[in-house]
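Below: one structure, written as structure tokens.
The values are calculated or read from the model by the stated rules, or taken from the named source; none is laboratory data. A quick note: this is a predicted structure, and the numbers were derived from the prediction, not measured. FYI the Cβ positions are ideal-geometry reconstructions off the backbone, even for glycines, and counts take in every protein chain you see. Protein only, heavy atoms only, side chains kept; ligands, DNA and RNA dropped before computing areas. Shrake-Rupley method; radii C 1.70, N 1.55, O 1.52, S 1.80 Å.
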Amino acid sequence: MSDADARGTGADADPIGARRRAMVVVASTRAAAGVYEDTAGPLIAEWFAARGWACVVEVVPDGAPVGRALEAAIAAGMDAVITSGGTGVSPTDATPEMTRVLLDRELPGVAEEIRRRGTAATPLAIVSRGLAGVTGTTVIVNLPGSRGGVRDGLDVLDGVLEHLVDQLHGGDHVRTD
């Protein structure tokens, strides 16, 4: 992926690359094959756009292609990568495994809060195996593949993602006392 691709195109393109950059990796074998259109990825991209971030979405089959997409995002210097899908227990769900090997540090509180909020909407959210963590200066968060699970996860990230990215780039804590 070129830097220009990572920054977006058209009216929202940032020629100097000063905006925060994100990648959404959708893990869905059926959506990647064109069986159906993914709706979670665009939801996440809209969330980033509303916050002034440049964002690209990549839809890949479950498994190893998720790992390759994550590696490419890290190599491209993305500030954040959010995955959608592949966090359950089906035989092809491997997003957490593809993520874990790339993380320098996990952020278990973020993943736990995403599951906690999801469980308020559906008890099935408790079986999500999604992770959150950092590698270098990139934040990576695994969200479920459902639009509801994505919304719950984005609600959690709304309060912390900018802070995480600031910290990874050497920012200081804001004192409140």
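For beta carbons closer than 6 Å, sequence separation of 6+ or different chains, a first residue in segment 18-37 that is at pLDDT below 95 and basic (Lys, Arg) and a second that is part of a strand (DSSP E or B) and open to solvent by less than 30 Å² (accessible area, probe 1.4 Å), the qualifying pairs are Arg19/Ala54.
Among the residues of segment 71-104, those identified as hydrophobic (A, V, I, L, M, F, W, C) and closer than 20 Å to Ile114 by Cα are Ala80, Val81, Ile82, Val89, Ala94, Met98, Leu103. Of all residues in segment 164-175, those being modelled with pLDDT of 95 or more and either surrounded by fewer than 17 Cβ atoms within 10 Å (Cβ to Cβ) or not aliphatic (A, V, I, L, M) (or both) number 0.
Could you please find all residues in segment 44-87 being closer than 16 Å to Ser128 by Cβ and either polar (S, T, N, Q) or surrounded by fewer than 18 Cβ atoms within 10 Å (Cβ to Cβ) (or both)? Matches in segment 44-87: Thr83, Ser84, Thr87.
The helices (runs of 4 or more DSSP H) found wholly in segment 54-150 include none carrying at least 3 residues that are of a type in the set (Lys, Arg) and touching a Phe, Trp or Tyr at 6+ places or on another chain (Cβ under 9 Å). Every test in (1) assigned to a helix (DSSP H, G or I); (2) modelled with pLDDT of 95 or more is passed by Ala6 save one, and that test is (2).
Would you confirm, using the coordinates I've provided, whether Val110 is buried (at least 17 other Cβ atoms within 10 Å of the Cβ), within 20 Å of Ala72 (Cα to Cα) and modelled with pLDDT of 95 or more? No.
Please determine whether any residue of segment 43-65 is aromatic (Phe, Trp, Tyr) and within 16 Å of Gly145 (Cα to Cα). Yes. Annotation: Thr99 fulfils all but one of (1) open to solvent by 50 Å² or more (accessible area, probe 1.4 Å); (2) touching a Leu at 6+ places or on another chain (Cβ under 7 Å); the unmet one is (1). Applying the condition of being farther than 21 Å from Cys55 by Cα and of a type in the set (A, V, I, L, M) to segment 114-143 and asking which residue is most open to solvent (accessible area, probe 1.4 Å) yields Leu124. Screening Ser146 on (1) open to solvent by less than 30 Å² (accessible area, probe 1.4 Å); (2) touching a residue at least 60 places away in the same chain (Cβ under 8 Å); (3) within 18 Å of Val66 (Cβ to Cβ) shows it passes everything except condition (1).
Among the residues of segment 87-142, those that are more than 24 Å from His163 (Cβ to Cβ) and among the acidic types (Asp, Glu) comprise Asp93, Glu97. Does Ala27 satisfy the criteria of being crowded, with 21+ Cβ neighbours inside 10 Å, of a type in the set (A, V, I, L, M, F, W, C) and under 21 Å from Gly148 (Cβ atoms)? Judged against the criteria, Ala27 is a match.
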